[in-house]
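Below: one structure, written as structure tokens.
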Amino acid sequence: MKALLIILSFALIGGCASRDIVTMDEPTNQVFDLNDNDRDGVIVARERCNDTVQGASIDNYGCGKIKPINERQELKILFANDSFYIDPQYYNQVETVATFMRQFPNTKVTIEGHCSKTGSYEHNLTLSQNRANAVSSLLSERFGIESDRVTAIGYSYDRPVDPTHTKMAHTRNRRVIAELTGEDTTADMKWHIYTVDEQVK
């Protein structure tokens, strides 16, 4: 029995030694393209939508998700007390809205004027309307946005962001909001660790 085991062992060793050895001297051909040309995290072999907007949320095939345009943004325009004059240093705030509207030609904007709670309601209603009108006129006359795409509404002091009666509260409440809506769609951008910093800017 022992002799039989020894013979079988030699037979197995000999069989293994006689097998062909496969070397990797020659380069292998890659069957699938594993590149990610548009840097969206999906390889070319699976990509169905090339040139995805960088940073957009995507599905498993690299196609960006879209969302309807419906957003509000505060224009950082500081009005003097009882004034609706827009200092030219704030024109870039209005230009940002105009640039967005030119990029998405089916959007419309509602400009909301707001006031601090000093003086009568009626006086502030007129003042807030004048502030909204001033921004709307700037959009149309200086930046070429069609007037039928712009609506101006004054809210007096009905919608304060700070209900206290401090000097800082009054300054914060004298503001203008631009609400953009439309049939256009925009890329749904995915969240990342720098998103908050980008929004703060």
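Residues in segment 161-181: is at least one in a strand (DSSP E or B), more than 20 Å from L78 (Cβ to Cβ) and in contact with a Leu (Cβ under 8 Å, 6 or more places away or on another chain)?
The answer is no; no qualifying residue exists.
Which residue is surrounded by the most Cβ atoms within 10 Å (Cβ to Cβ), if the candidates are limited to segment 136-170 and must be of a type in the set (S, T, N, Q) and under 30 Å from Q103 (Cβ atoms)?
The extreme case among them is S136.
This table checks each residue for (1) hydrophobic (A, V, I, L, M, F, W, C); (2) more than 16 Å from L180 (Cβ to Cβ); (3) modelled with pLDDT under 85.
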site: E74; (1), (2), (3): no, no, yes
site: I77; (1), (2), (3): yes, yes, no
site: Q89; (1), (2), (3): no, yes, no
site: Q93; (1), (2), (3): no, no, no
site: T99; (1), (2), (3): no, no, no
site: F104; (1), (2), (3): yes, no, yes
site: K108; (1), (2), (3): no, no, no
site: I111; (1), (2), (3): yes, no, no
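Of everything in segment 90-101, what is surrounded by 14 or more Cβ atoms within 10 Å (Cβ to Cβ) and either part of a strand (DSSP E or B) or not hydroxyl-bearing (S, T, Y) (or both)? Give them in sequence order.
Selection gives Q93, V94, E95, V97, A98, F100, M101.
Please name all residue pairs, on different chains or six or more residues apart, with Cβ atoms under 7 Å, provided the first residue is in segment 102-119 and is open to solvent by 90 Å² or more (accessible area, probe 1.4 Å) and the second residue is at pLDDT below 90 and assigned to a strand (DSSP E or B).
K108/T181; K108/G182
The values are calculated or read from the model by the stated rules, or taken from the named source; none is laboratory data. What you see is a predicted model; the values in this text were computed from it and never measured. Reconstructed Cβ throughout: ideal geometry from the backbone, glycine too, with neighbour counts over all protein chains shown. For accessibility, only protein heavy atoms count, side chains too; no ligands or nucleic acids. Shrake-Rupley method; radii C 1.70, N 1.55, O 1.52, S 1.80 Å.
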